[in-house]
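This report refers to the structure that appears directly beneath it.
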Amino acid sequence: MTTHTTLPPLPFIDLQSQRQRLGPSLEEAVLRVVRSGAYIMGAEVFELERRLAAFCGAKEVVTCGNGTDALAMVLMAKEVRPGDAIFCPSFTFAATAEVVAWLGATPVFVDVHPDTFNLDVASLEVAVKTARERGLKPTGLISVDLFGQPADYDLIEPACAKHGIWLLSDAAQSFGATYKGRKMGTIGVATSTSFFPAKPLGCYGDGGAIFTDDAELADTLRSIRNHGAGRDKYDNVRIGMNGRLDTIQAAVLIEKLAIFEDEIAKRNIIAERYNAGLEAFALVPRLPEMLTSVWAQYTLRVPAAKRDGLGPYLKGLGIPTAMYYPTPVHRQTAYQRFLVAGNGLPVTDQLAKEVISLPMHAYLDPAVQDRIIDAVGAYLAA
Ligand SMILES: *Cc1c(COP(=O)(O)O)cnc(C)c1O
């Protein structure tokens, strides 16, 4: 294994190989915008919205500044207010709950399944009860498709209907995935995503989008995106924000969307190869039947006693790792004052101690992947 140490450090996500593959067309697309002068709401923004709609089958697409604003804009359109309970997992990026607090509503954290890392509807039932006991109004659920794998919508949708709450799907990690033939972007009253550079479909800065089949909701979102504009841009009919996507980022995304399906296929081959090489040493991620993932992260579960040593060991061999998420949102300083389902979230707490993510991107070649698999296997077998 000492030979490994002489190899150059690997990237966790290899955006440079993707850029080289796209060649001069991507740089040309950016330059076209620079020369055109249409930096705000240029033609590329609307072209991207049409292409995203065609890609996922949503009737309406509203691009915006980032994935956090995408979530917030939907909550604003739904007129979320103090006294509302908005349910969401705690095993996610803080943005999912952050937007709820922006509007003065209360995030109520729900536990997840240990095998899929996604929302557990049994815990949602408990969370609804907790919210009612505290005098809050159950209003909406923000589900998260963690690491690129869709949550279990066949159970989530009827649970939402039963409690009269709307569903917002946070697909920041899963855009491009499918749930039993349904593409992400067609779930709930709306789906949001992020084009942060490290997401499966990323731009060269911040970006996001909202998908919905509800034309009226889309109109409201377009108004919110532009400071609550009414028919006339200086007639502000509601409180909105500056939520626009830059034209340059739209141009980048148009180029990247053209190769996205191929990249998804490559990520799936890489994930299967990781599974085959590592299933003897760790709990590897398994996709439920009829679901596809875009593998935003490839995340192993490793006994807590070994997990904390694995990252530094791999780092010594030039192999980067990440922990998503070492501290669940409900345990973070700013979020401890909000509510959790019942007495706590035992699965979330356990996963936080056991997860570790390996390099994952469409340009991980087999020899490099073998180097990673060998190193992880050697440490975990010892
Ligand atoms: C990345 C991410 C967001 C936020 O997206 P930004 O574009 O960084 O604002 C929200 N939710 C989840 C689950 C994410 O992974």
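The values are calculated or read from the model by the stated rules, or taken from the named source; none is laboratory data. Nothing here was measured: the structure is a model prediction, and the numbers come from that model. FYI the Cβ positions are ideal-geometry reconstructions off the backbone, even for glycines, and counts take in every protein chain you see. For accessibility, only protein heavy atoms count, side chains too; no ligands or nucleic acids. Shrake-Rupley method; radii C 1.70, N 1.55, O 1.52, S 1.80 Å.
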Exercise. Is region 275-314 rounded, prolate or oblate when judged by the Cα gyration tensor, a ≥ b ≥ c being the square roots of its eigenvalues, rounded requiring a/c under 1.5 and prolate requiring a/b larger than b/c?
Worked result: prolate
Exercise. Using a basic spin-label model with each label point 7 Å from the Cα along Cα→Cβ, how many nm lie between residue 155 and residue 38?
Worked result: 4.7 nm
For this session: Might you tell me the accessible area per residue for region 23-104, computed with a 1.4 Å probe and given in Å²?
Result: 41 Å²
For this session: Work out from phi, with θ = phi - 60° and the Karplus expression 6.51 cos²θ - 1.76 cosθ + 1.60, the ³J(HN,Hα) of each residue of region 95-107, listed in order in whole Hz, and give x for Gly and Pro.
Result: 4, 4, 8, 3, 5, 5, 5, 3, 8, x, 8, 10, x
For this session: Add +1 for every Lys or Arg and -1 for every Asp or Glu among the other residues with Cβ under 10 Å from the Cβ of residue 126, and state the total.
Result: -2
Exercise. How far is it, in nm, from the label point at residue 102 to the one at residue 7 when both lie 7 Å from their Cα along the line to the Cβ?
Worked result: 4.2 nm
Exercise. With every protein chain left in place, what is the accessible area of residue 41 in Å² (1.4 Å probe, nearest 10)?
Worked result: 50 Å²
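I'd like the Kirkwood hydrodynamic radius of the chain, using the inverse of the mean 1/r over distinct C-alpha pairs, in Å. Write down the numbers at each step before the final one.
Working: mean 1/r = 0.0464 Å⁻¹.
Its Kirkwood hydrodynamic radius stands at 21.5 Å.
How large is the accessible surface per residue of region 230-340, computed with a 1.4 Å probe and reported in Å² as a whole number?
On the way: 5650 Å² over 111 residues.
Spelled out: the 1.4 Å probe surface of region 230-340, per residue, equals 51 Å².
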For this session: Take the alpha-carbon centre of region 125-190, take the same for region 308-359, and report the distance between them in whole Å.
Result: 22 Å
Exercise. Each label point is 7 Å from the Cα along the Cα-to-Cβ direction; what then is the distance between the points at residue 337 and residue 47, in nm?
Worked result: 4.8 nm
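Averaging over every viewing direction, what projected area does the convex hull of the Cα atoms of region 239-283 cover, in nm²?
On the way: hull surface 24.2 nm².
The directionally averaged projection comes out at 6.1 nm².
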For this session: Scan region 1-100 for chymotrypsin sites (Phe, Trp or Tyr not before Pro) in coil per DSSP, keeping those whose Cβ has at most 13 other Cβ atoms within 10 Å, and list them by number.
Result: 39
Seminar exercise, completed: For region 35-120, the accessible surface attributable to carbon and sulfur atoms (probe 1.4 angstrom, ligands and nucleic acids excluded) amounts in percent to 54 percent
Problem set entry | Estimated 222 nm signal from helices in the chain, with DSSP H stretches of n ≥ 4 weighted -39500 (n - 2.57), rounded to 500 | -13000 deg cm²/dmol
Problem set entry | residue 110 accessible area, 1.4 Å probe, all protein chains in place, Å² to nearest 10 | 0 Å²
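What's the extension gain from residue 232 to residue 115 if we count 0.36 nm per residue and subtract their Cα-Cα distance? Before the final figure, lay out each step's value.
On the way: separation 117, 0.36 × 117 = 42.12 nm, distance 5.04 nm.
Stretched out fully, the residue 232 to residue 115 stretch lengthens by 37.1 nm.
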Problem set entry | Lys/Arg +1, Asp/Glu -1 at C-beta; the chain dipole; positive extreme among 297, 181, 333 | 333
Seminar exercise, completed: The FRET efficiency for residue 280 and residue 304, from their Cβ-Cβ distance with R0 = 22 Å and rounded to 0.05, is 0.70
